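Participant: For reference, the structure I am asking about is given below.
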Amino acid sequence: MTHFSPPYWLPLLVIHILLTTTSPVLSDEQDPARLRTFRASLNNAEALSNWNPDDKLPCDGEVPNWKGIICNKEGNVYGLQLENMGLSGTIDMDTLAEIASIRTLSFMNNNFEGPMPNVSKIGSLHGIFLSNNKFSGGIGGDAFKGMGSLRKVELGNNNFVGKIPISLTKLPILVDLQLQNNGFEGEIPDFEQKDLKVNFANNKLDGHIPKGLRNQAPSSFEGTLNMHVTCCILLLSLLDREPEVSPSPFFVPCIL
């Protein structure tokens with residue numbers, strides 16, 4: 001009987017497949033302690049009093065045991081939804097970055113102040129929701145660099161200033177961008193994401209509506225651009241032409 005000998009490269013191929021095949025992120029037994037460390041950075045965190053690993057773990061499968069925790073089917077901490085809790089203090093991104101399974105963070109409708117947290121420390125985030133707080137200051141142009149999985153960014157109703165971060169235009173699957181009711185200024189960068197919806201209303205932006213955003217509703221720019229630019233956006237989207245913006249602060253007819 002002929003003895004079959006597998007080719008020398010077959011074991012190497014098997015090892016390569018095992019190492020590169022995508023698998024769920026397994027729960028880390030240190031995650032409860034990390035969450036409690038994170039909680040210690042918050043003020044007015046009484047709403048999170050049941051974050052106690054001596055009682056229950058954060059997740060029981062997809063069912064959260066701890067308030068404000070989002071769990072996935074593997075029983076991992078998928079996200080935080082800490083909304084309407086009167087929270088303030090510091091959002092400890094360094095500690096949250098140690099929780100490998102986190103994909104979404106929401107701190108909407110609280111009392112956080114100061115600069116925007118360094119969300120790029122968790123490059124695998126799918127969503128970041130910081131609307132309706134008191135965040136302030138500029139956001140660096142590269143604040144979202146390398147966050148290729150990010151789909152939703154909601155920063156509305158804060159006190160941000162400066163230019164819209166250019167790194168937002170490089171997020172390939174971004175579908176929701178809400179920057180309304182801040183103090184962003186300067187020209188709007190061009191966004192080319194296919195299904196993107198934006199809200200830039202009530203900022204201090206000027207210049208043209210970029211070609212990639214001419215399919216947006218006029219309300220997305222209310223209170224932020226010269227009135228005649230906003231009024232012409234739908235017509236220009238049909239004509240596929242650049243508006244000629246007058247430097248006059250007064251309303252002038254749309255120049256085609």
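Values in this text are rule-based calculations from the coordinates and carry no lab data. If you're wondering where the values come from, they're calculated on a predicted model, not measured in any experiment. Positions of Cβ are backbone-derived with ideal geometry, glycine not excepted, and every protein chain shown enters the neighbour counts.
Participant: Sort the stretch 148-193 into rounded, prolate or oblate with this rule: let a ≥ b ≥ c be the square roots of the eigenvalues of the Cα gyration tensor; rounded if a/c is under 1.5, and if a/c is not under 1.5, prolate when a/b is larger than b/c, oblate otherwise. Don't skip to the end; give the middle numbers.
Facilitator: Details: a/c = 2.48, a/b = 1.46, b/c = 1.70.
Because a/c hits 1.5 or more and a/b fails to exceed b/c, the stretch 148-193 counts as oblate.
Participant: Oh, and also: Quote the FRET efficiency, to the nearest 0.05, computed for residue 185 versus residue 44 with a Förster distance R0 of 41 Å and r equal to the Cβ-Cβ distance. The partial results should precede the final answer.
Facilitator: Numbers: r = 32 Å, r/R0 = 0.79.
With a Förster radius of 41 Å, E is 0.80.
Participant: Express in whole angstrom the spacing between the alpha-carbon centres of the stretch 61-97 and the stretch 172-190.
Facilitator: Going from one Cα centre to the other spans 26 Å.
Participant: Cβ neighbours within 10 Å, averaged per peptide: list 185-195, 103-113 in order, most packed at the top.
Facilitator: Ranked from most to least packed, the peptides come out as 103-113, 185-195.
Participant: Identify all lysines with a Cα-Cα distance to residue 134 below 19 Å; exclude those on the same chain that are fewer than 8 residues away in sequence.
Facilitator: 163, 204
Participant: What pairs from 121/194; 170/197; 67/145 go past 21 Å between their alpha carbons? Mind dumping the intermediate values first?
Facilitator: Working: 121/194 26 Å; 170/197 15 Å; 67/145 31 Å.
Distance filter (> 21 Å) returns 121/194; 67/145.
Participant: Continuing with this model, one more query. Would you please give the FRET efficiency between residue 55 and residue 211, computed as 1/(1 + (r/R0)^6) with r the Cβ-Cβ distance and R0 = 45 Å, to the nearest 0.05?
Facilitator: Approximately 0.25, to the nearest 0.05.
Participant: Estimate the FRET efficiency between residue 62 and residue 94 by the formula 1/(1 + (r/R0)^6), using the beta-carbon distance for r and 30 Å for R0, to the nearest 0.05.
Facilitator: Numbers: r = 27 Å, r/R0 = 0.91.
So the FRET efficiency works out to roughly 0.65.
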